[in-house]
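The values are calculated or read from the model by the stated rules, or taken from the named source; none is laboratory data. Everything quoted here is computed from the prediction, not taken from an experiment. Note that we place each Cβ from the backbone using ideal geometry, even for glycine, and neighbour counts take in every protein chain shown. The accessibility values were calculated without ligands, DNA or RNA, using every heavy atom of the protein model including side chains. Shrake-Rupley method; radii C 1.70, N 1.55, O 1.52, S 1.80 Å.
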Amino acid sequence: MFTFPRAAEPLISAFRMAFSRRTFQRFMVLMLGAILSLRRRTVTAMLGVVGPLARGPWSDFHGVLCRASWSIWPLGKVLAALVLECLPPDQP
C-alpha cells in the first residue's frame, strides 16, 4: 500500500478510527483519487486516476461507499474536531 506525505499523516490517521483496516486502505485510495481527479469524482473516475494503487476488483472500492459497515458518526466527530482546531481559541 502507498503512504501519504508526513504532513498529511495527522489528518489521514484521524479518520482511521472510523473504518476497519481493509476498508480504511480502500478509503485512502479513494481519497487520493478524489484529490487528483480533475473532473467528476465518481468512484470509477477516482480509481482511474490512481491506477495501479487500486489493487483488486473495483467493485470492492464501490462497496466502501455503498455497503461497507462503517458509521458516519465517528467521521463527523473527527471532522468537527479538525474544524474546531482551525478556529482561533478566543472565538466562541
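List of remarks:
- Picking from residues in region 32-44 that are within 15 Å of R55 (Cα to Cα) and free of Cβ contacts under 8 Å to residues at least 24 places away in the same chain, the one that is farthest from the chain's Cα centre (by Cα) is T44.
- All of R21, R41 fail the test of being loosely packed, with under 11 Cβ neighbours inside 10 Å and of a type outside the set (F, W, Y), apart from R21.
- Unique match (being open to solvent by 50 Å² or more (accessible area, probe 1.4 Å), closer than 17 Å to F4 by Cβ and at pLDDT 85 or above) among L36, L53, L30: L36
- Qualifying residues in region 2-18 (those that are open to solvent by 60 Å² or more (accessible area, probe 1.4 Å) and in contact (Cβ under 8 Å) with a residue 40 or more places away in the chain) - the one nearest to G63 (Cα to Cα): M17
- Restricting region 56-70 to residues that are surrounded by 13 or more Cβ atoms within 10 Å (Cβ to Cβ) and at pLDDT below 80 leaves a set whose member that is nearest to R16 (Cα to Cα) is W70.
- Evaluation of W73 against (1) aromatic (F, W, Y); (2) surrounded by fewer than 16 Cβ atoms within 10 Å (Cβ to Cβ); (3) touching a residue at least 12 places away in the same chain (Cβ under 8 Å) (one fails), failing number: (3)
- When residues in region 76-92 are screened for being open to solvent by less than 100 Å² (accessible area, probe 1.4 Å) and more than 17 Å from R16 (Cβ to Cβ), 3 of them pass.
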